[in-house]
Amino acid sequence: MTDLYEPTLFTRHNRPLHTLWLESQAWFCAREFGRLMGCYVDERTLRRLDPDQHRSVMLFRYDRYAETLMISESGAYTVLAHHYVPENRSLRHWLTHEVVAVLRDEQNNAGEDGPRLGLMRWGRKRVVSLLYWQSEPWVRLRDMPVVVDGPQVMPREGMSAWKEWVKRVVSF
């Protein structure tokens with residue numbers, strides 16, 4: 001019998017990335033990862049990877065289980081190196097510091113009340129990284145303009161949004 005997996009969904013630039021934490025490493029849906037990179041992950045791309053860097057699994061996506069090609073974390077970095085585009089630097093940074101960090105913390109802190117990373121989502125385009133500590137969600141100061149987005153937070157010319165927000169909060 002084939003194992004069935006339910007992924008964790010991340011969104012970057014309104015594009016989904018279904019991920020798994022499997023065998024102590026992060027795995028990414030190859031098709032969606034390719035879309036984020038701006039290239040198609042095909043057989044030629046897979047030939048550049050070692051056999052342990054890709055696999056097919058039955059993944060729950062879009063309300064049904066389907067066989068899905070997955071790329072491991074090391075495979076993803078290999079593909080990023082082979083298809084160099086300047087934007088891929090920020091994609092690599094996002095994978096390392098947001099996606100993999102959240103997946104790892106979810107696995108390591110299951111049932112614990114210690115600090116762990118998470119995501120807060122609302123609306124279609126709003127996603128903010130959180131730090132959960134002592135059952136409280138904490139938001140980075142630089143992400144506050146996204147959280148309180150509205151006309152009252154629009155920056156003045158020459159001032160960044162978070163500095164304007166801090167200035168308004170302090171003046172209360």
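The values are calculated or read from the model by the stated rules, or taken from the named source; none is laboratory data. Quick caveat, the model's predicted, so the values are computed rather than measured. Heads up, the Cβs are rebuilt from the backbone with ideal geometry, glycines too, and the neighbour counts pull from every protein chain shown.
Can you tell me which residues in region 51-65 are surrounded by 11 or more Cβ atoms within 10 Å (Cβ to Cβ) and out of contact with any Cys (no Cβ under 9 Å at 6 or more places or on another chain)? Within region 51-65, 52, 53, 54, 55, 56, 57, 58, 60, 65 qualify. Taking the conditions (1) surrounded by fewer than 17 Cβ atoms within 10 Å (Cβ to Cβ); (2) closer than 27 Å to residue 121 by Cα in turn, residue 5 satisfies each one other than (1). Is there a residue in region 60-70 that is farther than 23 Å from residue 127 by Cβ, of a type in the set (A, V, I, L, M), assigned to a strand (DSSP E or B) and without any contact (Cβ under 8 Å) to a residue 60 or more places away in the chain? Checking region 60-70: at least one residue is farther than 23 Å from residue 127 by Cβ, of a type in the set (A, V, I, L, M), assigned to a strand (DSSP E or B) and without any contact (Cβ under 8 Å) to a residue 60 or more places away in the chain. Going by the conditions given, is residue 43 surrounded by fewer than 19 Cβ atoms within 10 Å (Cβ to Cβ) and in contact with a Phe, Trp or Tyr (Cβ under 7 Å, 6 or more places away or on another chain)? Spelling it out, it is not the case that residue 43 is surrounded by fewer than 19 Cβ atoms within 10 Å (Cβ to Cβ) and in contact with a Phe, Trp or Tyr (Cβ under 7 Å, 6 or more places away or on another chain). Taking the criterion of being touching a Gly at 6+ places or on another chain (Cβ under 8 Å) and within 20 Å of residue 3 (Cβ to Cβ), would at least one residue in region 50-63 satisfy it? Yes, the conditions are met somewhere in region 50-63.
For region 20-43, state whether one or more residues are among the polar types (S, T, N, Q) and either farther than 23 Å from residue 116 by Cβ or under 14 Å from the mean Cα position of the chain (by Cα) (or both). For region 20-43, residues among the polar types (S, T, N, Q) and either farther than 23 Å from residue 116 by Cβ or under 14 Å from the mean Cα position of the chain (by Cα) (or both): absent. For the residues 37, 70, the requirement of being in contact with a helix residue (DSSP H, G or I) (Cβ under 8 Å, 6 or more places away or on another chain), more than 22 Å from residue 24 (Cβ to Cβ), at pLDDT 90 or above and surrounded by 15 or more Cβ atoms within 10 Å (Cβ to Cβ) singles out 37. Go through the residues of region 79-95 one by one and say whether even a single one is in contact with a Phe, Trp or Tyr (Cβ under 6 Å, 6 or more places away or on another chain), modelled with pLDDT of 75 or more and under 20 Å from residue 16 (Cβ atoms). Checked against the condition, which is being in contact with a Phe, Trp or Tyr (Cβ under 6 Å, 6 or more places away or on another chain), modelled with pLDDT of 75 or more and under 20 Å from residue 16 (Cβ atoms), region 79-95 yields no hits at all. Take the residues in region 40-55 that are of a type outside the set (D, E, K, R) and modelled with pLDDT of 90 or more; name whichever of them is farthest from residue 97 (Cα to Cα). The residue in question is 51. For the residues 103, 80, 95, the requirement of being surrounded by 15 or more Cβ atoms within 10 Å (Cβ to Cβ), out of contact with any strand residue (DSSP E or B) (no Cβ under 9 Å at 6 or more places or on another chain), part of a helix (DSSP H, G or I) and not charged (D, E, K, R) singles out 80.
Could you say whether any residue in region 3-10 is assigned to a strand (DSSP E or B), in contact (Cβ under 8 Å) with a residue 60 or more places away in the chain and under 14 Å from the mean Cα position of the chain (by Cα)? Yes - at least one qualifying residue is present in region 3-10. None of 126, 140, 104 is closer than 27 Å to residue 36 by Cα, at pLDDT 65 or above and touching an Asp or Glu at 6+ places or on another chain (Cβ under 8 Å) except 126.
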